[in-house]
Amino acid sequence: MYLRLIAAGRLSRDAELRQMSSGKIIRFSIPHTQRLSGEEKTQWIECSYWRNPEDSTEVMKLLKKGALVVVEGTPSVRTYIRQDNTAGVAFECRVSQLRVLSSPSSTPSGETSSAESEESPPAETEPEPVTPPSLEEEGDLPF
C-alpha cells in the first residue's frame, strides 16, 4: 500500500523546534476547513519535520505564523484522552518534503513589509514527472 498526504495551507502559529534524542524536530500545524451544508468545521493537521541541526535554524526562520506551505508526507491518526476524560483524535503527518511558498517577512518594528511582497514571484519550475511502476507481465493486474 502506498499512503501519501499532500496538504497546503497557512501556518496558524510559529513553528516549534524540539530537541529529541535522535535529532531536532520542527512541529507546526495546518488547518483544513470543510464546508458542509453551510457549516464550517476546521480540523488540524499536526506536522512533524525531522531535520539535521544545521538546516533546522534556516527552516525555522521561514515557518512563521501566516506562512503558506505545501507538505508531503506519511499521514497517521493518533487517539488520546483529553483532560476532561473524553476521547480525542489527532491527524498527523510526518513530513518528507516541505515547500514554503510565501513567508511573512518582518521589519524591525514587527510589521509585515509590503515592499518585499511586491517583488516578482520566483520562476515556476516544471514538476518532476511521476512514472508508474512497471508490471512484470503485460495485462496482469496489480491486485
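The values are calculated or read from the model by the stated rules, or taken from the named source; none is laboratory data. Fair warning: this is a prediction, and the values are worked out from it, not measured in the lab. Here the Cβ is made from the backbone with ideal geometry for all residues, glycine too, and neighbour counts use every protein chain on show.
Structure summary
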{"quantity": "Region 18-38: number of residues that are without any contact (Cβ under 8 Å) to a residue 24 or more places away in the chain and assigned to a strand (DSSP E or B)", "calculated": "10"}
{"quantity": "Flag for Val69 being surrounded by 10 or more Cβ atoms within 10 Å (Cβ to Cβ) and part of a strand (DSSP E or B)", "calculated": "yes"}
{"quantity": "Output for region 1-40, where each listed residue is among the basic types (Lys, Arg), over 16 Å from Leu68 (Cβ atoms) and surrounded by fewer than 13 Cβ atoms within 10 Å (Cβ to Cβ)", "calculated": "Arg4, Arg18, Arg35"}
{"quantity": "Options Arg82, Arg99: the member that is at pLDDT 90 or above, more than 15 Å from the chain's Cα centre (by Cα) and not aromatic (Phe, Trp, Tyr)", "calculated": "Arg82"}
{"quantity": "Matching residues, region 41-59, being under 14 Å from the mean Cα position of the chain (by Cα) and surrounded by fewer than 14 Cβ atoms within 10 Å (Cβ to Cβ)", "calculated": "Gln43"}
{"quantity": "Residue match in region 39-51 (condition: of a type in the set (Val, Ile, Thr) and in a strand (DSSP E or B))", "calculated": "yes"}
{"quantity": "Given (1) among the hydrophobic types (A, V, I, L, M, F, W, C); (2) part of a strand (DSSP E or B); (3) within 13 Å of the chain's Cα centre (by Cα), index of the condition Ala90 fails", "calculated": "(3)"}
{"quantity": "Long-range neighbours under 9 Å by Cβ, at least six apart or interchain, first residue over 21 Å from Leu11 (Cβ atoms) within region 58-85, second at pLDDT 90 or above and surrounded by 15 or more Cβ atoms within 10 Å (Cβ to Cβ)", "calculated": "Val77/Phe91; Val77/Glu92"}
{"quantity": "Any hit, region 103-121, residues being among the hydrophobic types (A, V, I, L, M, F, W, C) and at pLDDT 75 or above", "calculated": "no"}
